[in-house]
Structure formats: structure tokens, C-alpha cells
Amino acid sequence: MITPLDVTDRTLAERLLTIQHAAYAVEAELIGFDGIPPLREDLDGLMSSTEHWLGRYEGTLLVGAIAYELSDDTVEIDRLVVDPAHARRGHGRALLDHLDRVAPRPVSLVSTGSANTPAVALYTSRGYAAVAELEVAPGISITQFRRES
């Protein structure tokens, strides 16, 4: 089940923050850089997020989430996180598919660590094309992706 999330709900936000930290810790390991901002975010920061959120559940357990921002013609994915204990089961893909249905836009944007091969593979498999690579720290880059419908 996928549903909108209210990140002002403290109990929900605590679970989401646990997932976010765990997911970004995996990315930090993959890319060799632990300066990823969501990895450092605290509960108050998450709860004050102005992004739209969707959560993926297995039964009653939140296992993943996607945060995004909308404009008239663009959806920008800010975060896509899946609990590492539930990874590689299609949750990320399901969140992306659901977002396409509930907030269709001609342009979709997302970025990830260039060395995060699972995320790069997910985005490219869904039609995203790399449009830029930016160095964010010495030897560490992120790839920006774009998809047009």
C-alpha cells in the first residue's frame, strides 16, 4: 500500500527518519562519502519538511518513502528511501510508479550519488537520462537525471 505521509506526525516521522538514515548510510558506503544532507537531518528538520511525501507499507510497517516537489510542468524527486531490510523488493520502483500516477508532469528530475549503482540502475530503467554530473566533494559526484514524458 502507498499513501500520502503526514511528516508532522511524530511517531510516523520517527520511523521515516530511521529509514532515511539507514538508506542514506547505505548510499554513503556505496559512494564513499558521509556528508549527504539527509543522513544528518534530525527529527525536527524532517517534521518541518515542506515536500510532498508518499509512503510504502508492508502491512502496517512503513518500509519506504518518496519526497517530491511540484511545479506546473515538473516533479522533482528530492528523496527516495527504502529500509535496507526491505530493499531489492520493488518498493522504490513502486513509489516511482505511484508518483507518476498521482502527480504526472511532463518533466521528472532526480539526482543520486554517481557511484550509487542500484539507484542509477533504477532511474535509467525507468527512462531517466543522465544530464549532468557535479562534484560535491573531492572525488565525490552526483548525477542529475531527467525524464520527459
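Estimated from helices alone, the mean residue ellipticity of the chain at 222 nm is -10500 deg cm²/dmol (sum of -39500 (n - 2.57) over DSSP H runs with n ≥ 4, per residue).
Solvent-accessible area of the range 1-72 (1.4 angstrom probe, protein heavy atoms only): carbon and sulfur portion equals 52 percent. 3J(HN,Hα) along the range 47-52, derived from phi through the Karplus expression 6.51 cos²θ - 1.76 cosθ + 1.60 where θ = phi - 60°, amounts to 5, 9, 4, 9, 6, 7 Hz, with x in place of Gly and Pro. Applied to the range 4-14, the Karplus parametrisation 6.51 cos²θ - 1.76 cosθ + 1.60 on θ = phi - 60° returns per-residue 3J(HN,Hα) values of x, 10, 9, 6, 7, 6, 4, 4, 5, 4, 4 Hz, with x for Gly and Pro. Solvent-accessible surface of the chain, taken per residue with a 1.4 Å probe and all protein chains present: 51 Å². Expressed as a whole percent, the accessible surface of the range 91-149 that belongs to carbon and sulfur atoms is 54, based on a 1.4 Å probe. Close amide-amide hydrogen proximity is noted between ARG79 and ALA67, each under 5 Å apart and 5 or more residues distant or on a separate chain (H modeled in the peptide plane; Pro and chain starts excluded).
Here the Kirkwood formula, the inverse mean of 1/r across different C-alpha pairs, assigns the chain a hydrodynamic radius of 15.5 Å. Of all DSSP bridge pairs formed entirely within the chain, close to 90 percent run antiparallel. Let a ≥ b ≥ c be the square roots of the eigenvalues of the Cα gyration tensor of the range 1-64; is it rounded (a/c under 1.5), or, if not, prolate (a/b larger than b/c) or oblate? Oblate, since a/c reaches 1.5 and b/c is not below a/b.
For the range 35-86, rounded, prolate or oblate, judged on the Cα gyration tensor with a ≥ b ≥ c (square roots of eigenvalues), a/c < 1.5 rounded, else prolate if a/b > b/c?
Oblate, because a/c is 1.5 or more while a/b does not exceed b/c.
Using a probe of 1.4 Å, the accessible surface attributed to HIS86 totals some 30 Å² when neighbouring protein chains are kept in position. D for the range 75-149, whole µm²/s, Stokes-Einstein with Kirkwood Rh over alpha-carbon pairs at 4 °C and 1.567 mPa s: what number? It comes out at roughly 100 µm²/s.
Find which of PRO4, TRP53, GLY32 sits farthest along the positive direction of the dipole of the range 1-69, computed with +1 on the beta-carbon of Lys and Arg, -1 on that of Asp and Glu, about the Cα centre. In the range 1-69, that residue is PRO4. Between beta-carbons, use under 11 Å as the cut-off and find the net charge around ARG93, counting Lys and Arg +1, Asp and Glu -1. That works out to +2.
The values are calculated or read from the model by the stated rules, or taken from the named source; none is laboratory data. Since the structure is predicted, the reported quantities are computational estimates derived from the model, not experimental observations. Every residue, glycine among them, receives a Cβ derived from its backbone with ideal geometry; neighbour counts consider all protein chains shown. Remember, those area values only see protein heavy atoms, side chains included, never the ligands or the DNA or RNA. Shrake-Rupley method; radii C 1.70, N 1.55, O 1.52, S 1.80 Å.
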